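Below: one structure, written as structure tokens.
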Amino acid sequence: MAARSAYTALTPELATFPPSGRSGVTFLPVPEDDERLSSPTSPDKLQSKVAWRWRKAKSYFLDLIENNTGLLLVGASQFFFALMNVAVKLLNNLDSPVPTLELIFVRMAITYICSQLYMYWKNVPDPILGPKGVRLLLVFRGFIGFFGLFGVYYSLSYLSLSDATVLTFLAPIFTGFTGALFLKEPFSRKELLAGLCSFLGVVLIARPHFIFGSKAEADPSEKGTPEQRLVAVGVALIGVLGATGAYTSIRAIGKRAHPLHSLTFFSSQCVVVSSIAMIFLRIPIVIPRRVEWIAMLIMIGIFGFIAQTLLTMGLQRETAGRGTLAVYIGIIFAIALERMFFHVSPPPLSIAGTVIIMTSAIYVALTKENAKPKQPTQISLEIPGESALEEGLLDRGTDEAPPIDDQKEADGKEGEKTESDTDL
């Protein structure tokens, strides 16, 4: 037998060793003279703690934005809607106010041009006709949306900015009715009660003469007689029905079409209908001769385009309850801008009606049950039985118990192994 050489152990010449943690990880000792690392309040530790808190707050903020993208888009759209309404109100206060149908024509012509330019720039397919399968819905969205727009613009001629804005808040509640009727969505008694209370708020805003008589208090920013104001409220309610149809059609279209497809159909049909109406009613065209007129018309077109785009994108990403909650932010913008540009405050009855409508609408939004949306029906092109076979193969890779036949085979192999061990 060959002789074995001696083994020299490479043992360090240390009498003591650093302590070891429970996990077996050895921690090296910290030099006593390094005060920068040993001090619990060292600048490096404070800087690291601040950086960690900043990353955590940043991550939380980004997650909050991502989870509420649709809500923020709808809220941002209300700000641009309020700016657009201010421009419309300023045009109506000029010596020769621009007719409502002419305002619709100018604004929607600008919106159509901007939509087409953007879709051609981004190579969006079917920029004019829209995608197949939703074209009828797009046509309906454009046609019914015209009445919603006309109702708002006409009411701004005789109502204050805040009153005309708050009347549009009836549309989300009516959308609950149409959603339950056409889209088979749930509609509770709470929403019905809120709708009735909102109608009471409309009465307080309209202040009809046959109910309030001489006690009806007028807003300094309103024009016309009480009868004209009552007609304006009626036209505004027609606009609410138009907005209800627009909201319902947008929710029915969903993400099957680009947001600018919806805006293209809306703007093009508004241009056509307003042109025909002006010719049929023989409404003269007011040509702006002042710089303020041109500036206001451009503002109406640009703000309207941005607002409609943000609103469509938000409603595509958000549920009905939360989406309508952001619509009510518009009254805050309307009151603030009305105070800023017109230096007036709404009368007490309008404030009471506004509070009733806002309370009812927010109540509906906060108490709406979060129902899981139904998945759209999809056409399957796979071979019958292939999906079941695939699921069976995938199940083999899980930690669940094997099938009975596999279990018997495994037991047999264990038995053979036991007998072989016994023989040894």
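Structural remarks
- Residue in segment 54-62 that is closer than 30 Å to LEU281 by Cα and either surrounded by fewer than 14 Cβ atoms within 10 Å (Cβ to Cβ) or touching a residue at least 12 places away in the same chain (Cβ under 8 Å) (or both) present: no
- The single condition among (1) farther than 20 Å from MET278 by Cβ; (2) surrounded by fewer than 18 Cβ atoms within 10 Å (Cβ to Cβ); (3) among the β-branched types (Val, Ile, Thr) that ILE113 does not meet is (1).
- In segment 137-181, residue surrounded by the most Cβ atoms within 10 Å (Cβ to Cβ) [restricted to those that are over 14 Å from GLY242 (Cα atoms) and among the β-branched types (Val, Ile, Thr)]: VAL166
- TYR118 being under 26 Å from ALA236 (Cα atoms), hydroxyl-bearing (Ser, Thr, Tyr) and in contact (Cβ under 8 Å) with a residue 40 or more places away in the chain: no
- When segment 178-197 is filtered for residues that are at pLDDT below 80, assigned to a helix (DSSP H, G or I) and not aliphatic (A, V, I, L, M), the ones remaining, listed by number, are GLY179, ARG189, LYS190, GLU191, GLY195.
- Just one of the listed residues (ILE276, ILE298) is part of a helix (DSSP H, G or I), modelled with pLDDT under 90 and surrounded by fewer than 22 Cβ atoms within 10 Å (Cβ to Cβ), namely ILE298.
- Every test in (1) surrounded by fewer than 22 Cβ atoms within 10 Å (Cβ to Cβ); (2) modelled with pLDDT of 85 or more; (3) in a helix (DSSP H, G or I) is passed by ARG322 save one, and that test is (2).
The values are calculated or read from the model by the stated rules, or taken from the named source; none is laboratory data. Remember, it's a predicted structure, so these values are computed and weren't measured experimentally. All Cβ positions, even for glycine, are placed from backbone atoms using ideal geometry, and neighbour counts span all protein chains on display.
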